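Here the structure is laid out as structure tokens; the discussion comes afterwards.
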Amino acid sequence: MFVPDISLLQSDFEMESEESRIPSFFLTVSLILLILSVGSYIGLYFYVSTLKDTLDQTVVSIKNLNLQDTSTTVGKLNRIGGQLEVLKQLRNEHYDASSFLDVLSGSVHPRVYYKNANFDMKNKTIKVDGVAANPASLSSQVGIYFEDDKISEYKISDVSLDGGNSVIFKASLKVK
């Protein structure tokens, strides 16, 4: 009689059970990948439809846009921009003029006065026609110009004596 070897049967049985695990693993991985692919496709589909709706709304709003109203609005904005630029320049020039007046009033000897003053904002210069009570006052005035830290340079010209002791002069001051 033929008796099968039991040890061989068991090993065949164990081999079959290990082989059966491999296809189930691949099946599980394949199902997960399929679910992820389908989910991604559905998400992209809804994203594309949302983008199409946004595009359609933008096209409709562009078609409803009135070009004449737009040009009028742009014209108003340009006018307002020009007015703001003029106001900015006026404010800057007012500030410069105020600072020039501060420099001029802070650098005057008590016995000197100015008959005329011209401000050049661009070059930051002040040209004045002044009268000093006497030559010593003019000398003190020049010392004040020299010591003033707001004046970078100065030039005295056209110095002449008036009928009495007073001295007429012109000064050009460069403001820092």
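Quick rundown of the values:
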quantity	calculated
Residues being under 41 Å from the mean Cα position of the chain (by Cα) and more than 14 Å from Val108 (Cβ to Cβ) - total across the stretch 118-145	9
Test: residue in the stretch 162-173 that is exposed (fewer than 11 other Cβ atoms within 10 Å of the Cβ), among the small types (Gly, Ala, Ser) and over 33 Å from the mean Cα position of the chain (by Cα)	yes
Of all residues in the stretch 98-146 being aromatic (Phe, Trp, Tyr) and either outside any strand (DSSP E or B) or under 15 Å from Lys174 (Cα atoms) (or both), the one that is modelled with the lowest pLDDT	Phe100
Hey, Val131 of a type in the set (Val, Ile, Thr), in contact with a Pro (Cβ under 6 Å, 6 or more places away or on another chain) and in the same structural domain as Phe119 (by TED's automatic domain parsing) or not	no
Filtered residue count, the stretch 135-171, keeping only those that are in contact with a strand residue (DSSP E or B) (Cβ under 7 Å, 6 or more places away or on another chain), over 19 Å from Leu101 (Cβ atoms) and of a type outside the set (Asp, Glu)	14
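Here is a yes/no grid of residues against (1) touching an Asp or Glu at 6+ places or on another chain (Cβ under 8 Å); (2) within 30 Å of Leu161 (Cβ to Cβ); (3) free of Cβ contacts under 8 Å to residues at least 40 places away in the same chain:
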site	(1), (2), (3)
Ile62	no, no, yes
Thr72	no, no, yes
Gly75	no, no, yes
Ser99	no, no, no
Gly106	yes, yes, no
Asn118	no, yes, yes
Val131	yes, yes, yes
Ser140	no, yes, yes
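Residues checked against (1) modelled with pLDDT under 75; (2) surrounded by 10 or more Cβ atoms within 10 Å (Cβ to Cβ); (3) in a helix (DSSP H, G or I):
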| residue | (1), (2), (3) |
| --- | --- |
| Met15 | yes, yes, yes |
| Ser20 | yes, no, yes |
| Gly39 | no, yes, yes |
| Ile62 | no, no, yes |
| Ser71 | no, yes, yes |
| Lys88 | no, yes, yes |
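The values are calculated or read from the model by the stated rules, or taken from the named source; none is laboratory data. Remember, it's a predicted structure, so these values are computed and weren't measured experimentally. When we count neighbours, we look across all protein chains shown, and the Cβ atoms used for this are built from the backbone with ideal geometry, even at glycine.
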